[in-house]
1. List, please: which pairs have Cβ atoms under 9 Å, are six or more places apart or on different chains, and start with a residue in the stretch 33-54 that is over 12 Å from residue 67 (Cα atoms) and of a type in the set (S, T, N, Q) and end with one that is at pLDDT 90 or above and away from the ligand (no atom under 16 Å from the Cβ)?
2. Would you be able to say whether some residue in the stretch 62-81 is part of a strand (DSSP E or B), within 13 Å of the ligand (Cβ to nearest atom), at pLDDT 95 or above and surrounded by 14 or more Cβ atoms within 10 Å (Cβ to Cβ)?
3. Taking residue 35 as the residue in question, decide whether it is modelled with pLDDT of 90 or more and out of contact with any Asp or Glu (no Cβ under 9 Å at 6 or more places or on another chain).
4. Which of the residues belonging to the stretch 14-32 are under 20 Å from residue 87 (Cα atoms) and either modelled with pLDDT under 90 or away from the ligand (no atom under 13 Å from the Cβ) (or both)?
5. Quick one: residue 124 ticks every box in (1) exposed (fewer than 12 other Cβ atoms within 10 Å of the Cβ); (2) modelled with pLDDT of 95 or more; (3) more than 16 Å from the ligand (Cβ to nearest atom) bar one, so which box is it?
6. Of the residues that sit in the stretch 91-119 and are touching a strand residue (DSSP E or B) at 6+ places or on another chain (Cβ under 6 Å) and hydrophobic (A, V, I, L, M, F, W, C), which one is nearest to residue 44 (Cα to Cα)?
Amino acid sequence: LADIIAGEKPDTEKCEYLNKAKIAEGGKKLRKNWASTWVVLDGKKLLFYKESKQQALTNLKTGCKPESVDLYGAQIEWTTEKSSRKNVFQITTGSGSEFLLQSEKQASMFSWHDAIKKAIDSLGTD
Ligand code: I3P
């Protein structure tokens, strides 16, 4: 309610272009492929909208269908080993998928880490 009065979105709702790389799916390692991605945090989920022209065309035809990541049972941690890039954290989902998110804007990544951690903690694990 305070957020609404202040005219701000709750901090478990965010969106921004970030660099994203999916490095595992269902416990299987994938080849790392960074892509600029419109990332939306909506409280319980992270949504990834690809920015590519191909994807934009597909979205026009099918309606925009982002990749949706359930944060229930997920984990988040900063990593310096999984990438040579700065400001990288990893999200591991309950289903064993691993995503790296990165941006040159350090403050921005702190804010994302904070918001995602809050979202995960608010969902609990049971
Ligand atoms: C990868 C690409 C990534 C890099 C990754 C490379 O090569 O250069 O950007 O990750 O390093 O393997 P390719 O395009 O040939 O797959 P970072 O930018 O995060 O360092 P890695 O193998 O050390 O993960």
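The values are calculated or read from the model by the stated rules, or taken from the named source; none is laboratory data. From a predicted model like this one, the values you see are computed outputs, not experimental measurements. All Cβ positions, even for glycine, are placed from backbone atoms using ideal geometry, and neighbour counts span all protein chains on display.
1. 36/17
2. Pass one, the stretch 62-81, residues part of a strand (DSSP E or B): 67-70, 75-78.
Remaining after also requiring within 13 Å of the ligand (Cβ to nearest atom): none.
For the stretch 62-81, residues part of a strand (DSSP E or B), within 13 Å of the ligand (Cβ to nearest atom), at pLDDT 95 or above and surrounded by 14 or more Cβ atoms within 10 Å (Cβ to Cβ): absent.
3. Working: modelled with pLDDT of 90 or more: yes; out of contact with any Asp or Glu (no Cβ under 9 Å at 6 or more places or on another chain): no.
No.
4. The answer is 14, 15, 16, 17, 18.
5. (2) is the only condition that residue 124 fails.
6. 116
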